[in-house]
Amino acid sequence: MSHALKDAIRSYFAKKGYADGLYATEIDGLTLMRSTTEILPNPTVYRPSLCVVVQGAKQVLFGDRLFKYAEMQYLVISVALPAFGRVTKASAETPLLAFYLDFDMSILRDVMSALEVPPPKSGEAGFGVFVANLSEPFADCLTRLIRLLESPAAIPVLYPAVMREICFWLLTGPHGGEVCTLALPNSHTQRISRAIHLLREQFSKPIRIEHLAAVAGMSASSFHQHFKMLTAMTPLQYQKQLRLLEARRLLIDSGANVAHAAYRVGYESASQFSREYARMFGRPPKRDATDLRAQPA
């Protein structure tokens with residue numbers, strides 16, 4: 001079945017005439033990726049999603065935690081997390097082929113409630129990311145997901161059933177208990193997710209840990225502990241990465257100058273912003289933006 005999944009994604013790229021890049025698809029929340037070269041760490045914010053490498057290899061750094069996954073392995077992300085993704089194995093002869101699928105939480109909850117033997121539930125939040133191998137039945141299900149792209153008219157009818165099956169294999173797999181925390185309404189994962197949502201909405205404003213903890217329904221000390229356990233960073237580190245990622249977007253997309261970008265994302269000092277930007281991206285903001293704008297799209 002793994003060969004069938006490769007054939008399905010290769011066929012889709014060939015029919016579309018796609019070169020290297022990230023491509024949104026006719027299925028909302030499904031993004032395909034192809035690369036014939038190894039790519040240096042690229043910062044972004046990962047949504048709660050299933051990330052599958054069909055061919056080649058990738059690695060993602062979340063805070064101080066590095067995850068590697070290669071051919072016929074998948075990575076699950078349970079909360080929105082800033083991270084550095086990197087393609088570590090790709091060539092013109094054997095390009096990286098991968099895809100990302102956002103979770104449908106309503107379907108996940110529905111499937112979990114329908115299981116005769118639900119996965120073991122844990123009230124404690126572990127780290128919100130794991131890597132696992134694709135089983136043959138799971139690979140077969142994902143093959144049908146990719147092939148569904150060839151029949152756009154069938155997507156509204158058949159996709160919900162395919163997503164249900166995806167949720168089933170995740171919930172009954174070796175990490176079912178961890179996947180379960182995505183759907184449980186009062187798990188630590190969901191409570192931290194509520195605070196993360198607020199943090200992302202208001203990342204340019206000063207934050208108070210006590211306010212975030214209240215949103216999560218925790219004491220400040222418990223919130224801080226569980227936040228770091230789930231994200232591998234403190235709330236302030238999380239906020240800083242969001243600010244710098246948005247500043248980079250402003251510098252590249254809108255041509256904002258360094259001081260304007262710094263103030264827009266919540267920095268009071270442009271010099272502090274420049275230091276932290278260079279520490280995160282490896283280059284001062286003006287040079288980084290100039291170099292990136294000069295690259296092909």
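Among residues other than Glu165 whose Cβ falls under 11 Å from its Cβ, what is the net charge (Lys/Arg +1, Asp/Glu -1)?
On the way: positive: Arg144, Arg164; negative: Asp140.
My count for the surroundings of Glu165 gives +1.
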- Task: Could you estimate the translational diffusion coefficient of the stretch 135-265 from the Stokes-Einstein equation, with Rh from the Kirkwood formula over C-alpha pairs, at 4 °C and 1.567 mPa s, in whole µm²/s?
- Result: 72 µm²/s
- Taking all protein chains as present, what is the carbon and sulfur share of the accessible area of the chain, in % to the nearest whole number, probe 1.4 Å? 53 percent
- Charge dipole of the chain about the Cα centre (unit charges at C-beta), most positive-ward option of Ser221, Leu66, Ala139: Ser221
- For the stretch 147-189, report the accessible area per residue in Å² (1.4 Å probe, heavy atoms, rounded to an integer). 44 Å²
- Task: List the DSSP H helices in the chain whose Cα atoms stretch 18 Å or more along the helix axis and whose mean Kyte-Doolittle hydropathy is at least 1.0.
- Result: 155-171
- Note on the structure: Expected unfolding gain across Ala214-Thr234 under the 0.36 nm per residue rule, minus the alpha-carbon gap, is 5.6 nm
- Task: Pop the C-beta distance of Thr290 and Thr37 into the FRET formula with R0 = 30 Å and round what comes out to the nearest 0.05.
- Result: 0.85
- Item | Whichever lysines have a C-alpha closer than 22 Å to that of Lys89, once near sequence neighbours (fewer than 8 apart) are set aside | Lys6, Lys58, Lys68
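Let me know the Kirkwood hydrodynamic radius for the stretch 1-41, please, with Cα pairs as the basis and the value in Å to one decimal.
Working: mean 1/r = 0.0875 Å⁻¹.
Result for the stretch 1-41 stands at 11.4 Å.
Under the rule of -39500 (n - 2.57) per DSSP H run of 4 or more residues, summed and divided by the residues of the chain, what mean residue ellipticity at 222 nm is obtained, to the nearest 500 deg cm²/dmol?
-14500 deg cm²/dmol
Using only C-alpha positions, report the orientation-averaged shadow area of the convex hull of the chain, nm², one decimal.
So the Cα hull casts an average projection of 15.8 nm².
Report the calculated FRET efficiency for Tyr23 and Ser91 (r = Cβ-Cβ distance, R0 = 22 Å), to the nearest 0.05. Before the final figure, lay out the partial values.
Working: r = 20 Å, r/R0 = 0.90.
Computed FRET efficiency for Tyr23 and Ser91 comes out at 0.65.
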- Message: If the elastic network links every pair of Cα atoms under 10 Å, which of Val111, Val52, Val76 fluctuates the most in the Gaussian network model of the chain?
- Response: Val111
- Message: How big is the dipole moment of the chain about its Cα centre under a simple scheme where the beta carbon of each Lys and Arg is +1, that of each Asp and Glu is -1, and everything else is neutral? Debye, nearest 20, please.
- Response: 940 debye
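When N counts the residues of the stretch 171-245, how does its alpha-carbon radius of gyration compare numerically with 2.2 N^0.38 Å, as a ratio? Before the final figure, lay out the partial values.
Working: Rg = 13.0 Å, N = 75, 2.2 N^0.38 = 11.3 Å.
For the stretch 171-245, the normalised Cα radius of gyration is 1.15.
Subtract the Cα-Cα distance of Ser151 and Gln272 from 0.36 nm times their separation in residues, and report this length gain in nm to one decimal. Can you show the working numbers first?
Values: separation 121, 0.36 × 121 = 43.56 nm, distance 5.16 nm.
38.4 nm is the gain from fully extending Ser151 to Gln272.
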- Could you tell me what fraction of 2.2 N^0.38 Å the Cα radius of gyration of the stretch 59-127 comes to, as a two-decimal ratio? 1.44
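When you count, for each residue, the other Cβ atoms within 10 Å and take the mean per peptide, how do 267-274, 234-241 rank with the highest first? Write down the numbers at each step before the final one.
Numbers: 267-274: 14.9, 234-241: 19.0.
Taking the mean over residues of other Cβ atoms within 10 Å, the ranking is 234-241, 267-274.
The values are calculated or read from the model by the stated rules, or taken from the named source; none is laboratory data. Values in this document were obtained by computation on a predicted structure and should not be read as measured data. Heads up, the Cβs are rebuilt from the backbone with ideal geometry, glycines too, and the neighbour counts pull from every protein chain shown. Areas reflect the complete protein model, heavy atoms only, side chains present, ligands, DNA and RNA absent. Shrake-Rupley method; radii C 1.70, N 1.55, O 1.52, S 1.80 Å.
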